[in-house]
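S.K.: Submitted below is the structure of interest, expressed as structure tokens.
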Amino acid sequence: MLQNIKRIGVLTSGGDSPGMNAAIRAVVRTCAYHNIACMGIYRGFEGMIEGDIVEMGPRTVKNIVNKGGTILKSARSMEFKTPEGRKKAYENLKKSEVDALVIIGGDGSFTGGMIFNKEYGFPVMGIPGTIDNDIFGTTFTLGYDTALNTVVEAIDKIRDTANSHSRLFFVEVMGRDAGHIALNAGIGAGAEEILIPEEDLGLDRLLESLRRSKLSGKSSSIVVVSEGDKIGKNVFELRDYVEENMPEYDVRVSVLGHMQRGGSPSCFDRVLASRLGVKAVESILEGKTNYMVGLVADKIELTPLEQAVKGKSKIDEELLRVSDIMST
């Protein structure tokens, strides 16, 4: 263990995700276990710049493992993108005697941490927290499993209405650059078609798929659309196109939106957050810096932050094949 690390700061940045509170709790309690002080930084990098930093102990994080969102709040910081803003942040960390930083967030947050590390040699460790599951170096990100369950539950309810009224529903889910939520939730909820950014299905093929569903005797259909899908400008344009070309369908759109980010984290996300938090703190104490902790083959591994940011998470080709078979 490094003797010069006496205080570790923790912050959450970017979009919130279920499991962030469980990760904060794990960082705080691991610090306490190793007799290291832990400082909570409110509102991400903005809080660093403004000096909104408070000491946290094991009792300050009680009863948060089951709560969604983040008790440390999150905010965008344009000022942190400037050298002047980062200088203020560094001075505030030094004033609070913080020796290292744990950043819970996505690739934008990791990029900020990477630049900060490069400029000041400040020890930084990342924990991946985003429901999109789009970060390289981890099989699962915090909040992804919970978001999947939220989406599947919502689609199950939408299907009841679709069946009752013999309707076609387009259900838009989050995933601007990655279709992990759409693909897995679509298979889990039995969707007839799944549209994701990684696969350009094309409007003609979508119509052909819907016609096959109709001919096979299906009176209602669910199409799950990732918000980053490229075959239409948006889900409402897709609806209009289908209505024009297949007037026999009564088409509806349901945009699930930010409900996917909320809610109590699943057991999987709580356990993952605990494992990642422990590894993040202990890696810092071992002298490691500028890494992200992630789950690889069910083991917690370290990936250089630069690799985590620049690498691309890949969609599971086998799942695409399963999806095609299941939509038959």
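S.K.: Of all trypsin sites (Lys or Arg not before Pro) in region 8-98, which ones are in loop regions per DSSP and have a Cβ with at most 11 other Cβ atoms within 10 Å?
M.R.: In loop regions of region 8-98 (DSSP not H, G, I, E or B), the sparsely surrounded trypsin sites (Lys or Arg not before Pro) are Lys62.
S.K.: As an exercise, use a Förster radius of 56 Å and the Cβ-Cβ distance of His165 and Asn4 to find the FRET efficiency, rounded to the nearest 0.05.
M.R.: Step by step, r from the Cβ atoms, then E = 0.25.
S.K.: Give the ranking of Met114, Met48 by solvent-accessible surface, highest area first, calculated with a 1.4 Å probe.
M.R.: My answer, sorted largest first, is Met114, Met48.
S.K.: Dipole of the chain (Lys/Arg Cβ +1, Asp/Glu Cβ -1, origin at the Cα centre): which of Ser17, Val224, Gly277 lies farthest to the positive side?
M.R.: Value: Gly277.
S.K.: Can you pull out the GluC sites (Glu not before Pro) in region 225-328 that DSSP calls coil and that have at most 13 other Cβ atoms within 10 Å?
M.R.: Here the GluC sites (Glu not before Pro) that fit, given the DSSP loop and packing criteria, are Glu248, Glu286.
S.K.: Ignoring ligands and nucleic acids, what accessible area does Thr289 show with a 1.4 Å probe (Å², nearest 10)?
M.R.: Accessible area, nearest 10 Å²: 50 Å².
S.K.: Which part of region 119-137 falls in the paramagnetic zone of Glu306, meaning amide N under 17 Å from the point 7 Å along Cα-to-beta-carbon?
M.R.: Counting backbone N atoms under 17 Å from the label point, the list is 119-126, 136-137.
S.K.: How much FRET efficiency would the formula 1/(1 + (r/R0)^6) give for Met326 and Lys67, where r is the Cβ-Cβ distance and R0 is 30 Å, rounded to 0.05?
M.R.: The computed FRET efficiency comes out at 0.30.
S.K.: According to a simple spin-label model (label point 7 Å from Cα along Cα-to-Cβ), what is the distance in nm between Met246 and Asn35?
M.R.: 6.8
S.K.: Something else now. Please compute the contact order of region 1-136 in relative form: average sequence separation of alpha-carbon pairs under 8 Å and at least six residues apart, divided by the residue count, as a percent.
M.R.: 32
S.K.: Right, next: With a cut-off of 8 Å between alpha carbons and a minimum separation of six or more residues, what is the relative contact order of region 144-217 in percent?
M.R.: Over region 144-217, the number comes to 26 percent.
S.K.: Starting from 0.36 nm per residue, how many nanometres of slack lie between Lys299 and Leu203 once their C-alpha separation is accounted for?
M.R.: Contour length minus Cα-Cα distance gives 30.5 nm.
S.K.: Using heavy-atom solvent-accessible surface (probe 1.4 Å) with all chains present, what is the largest-first order of Ser74, Ser221?
M.R.: Ranked from most to least accessible, the order is Ser74, Ser221.
S.K.: Here is a follow-up. Of Pro58, Pro123, Pro247, which is the most mobile in a GNM of the chain whose springs link Cα atoms less than 10 angstrom apart?
M.R.: With Cα springs under 10 Å in the chain, the top fluctuation among Pro58, Pro123, Pro247 is at Pro247.
S.K.: Using only alpha carbon pairs under 8 Å that are at least six residues apart, calculate the relative contact order of the chain and give it in whole percent.
M.R.: Dividing the mean separation by the residue count of the chain yields 24 percent.
S.K.: Another one. Hey, got a sec? Which GluC sites (Glu not before Pro) in region 51-103 land in a DSSP loop and have at most 15 other Cβ atoms within 10 Å?
M.R.: Here the GluC sites (Glu not before Pro) that fit, given the DSSP loop and packing criteria, are Glu97.
S.K.: At Phe236 and Thr139, where each label point lies 7 Å from the Cα along Cα→Cβ, what is the point-to-point distance in nanometres?
M.R.: 4.1
S.K.: If you don't mind, another one. Order Thr139, Thr146, most accessible first, counting only protein heavy atoms with a 1.4 angstrom probe.
M.R.: Thr139, Thr146
S.K.: Compute the length gained on full extension between Arg211 and Met259: take 0.36 nm times their separation in residues and subtract their Cα-Cα distance, giving the result in nm to one decimal.
M.R.: The Arg211-Met259 span can extend by a further 14.1 nm.
The values are calculated or read from the model by the stated rules, or taken from the named source; none is laboratory data. Since the model is a prediction, treat every value here as computed from it, not as a measurement. Cβ sites come from the backbone with ideal geometry, for glycine too, and all protein chains shown count toward neighbours. Accessible surface is based on the protein model in full, side chains and every heavy atom, while ligands, DNA and RNA are left aside. Shrake-Rupley method; radii C 1.70, N 1.55, O 1.52, S 1.80 Å.
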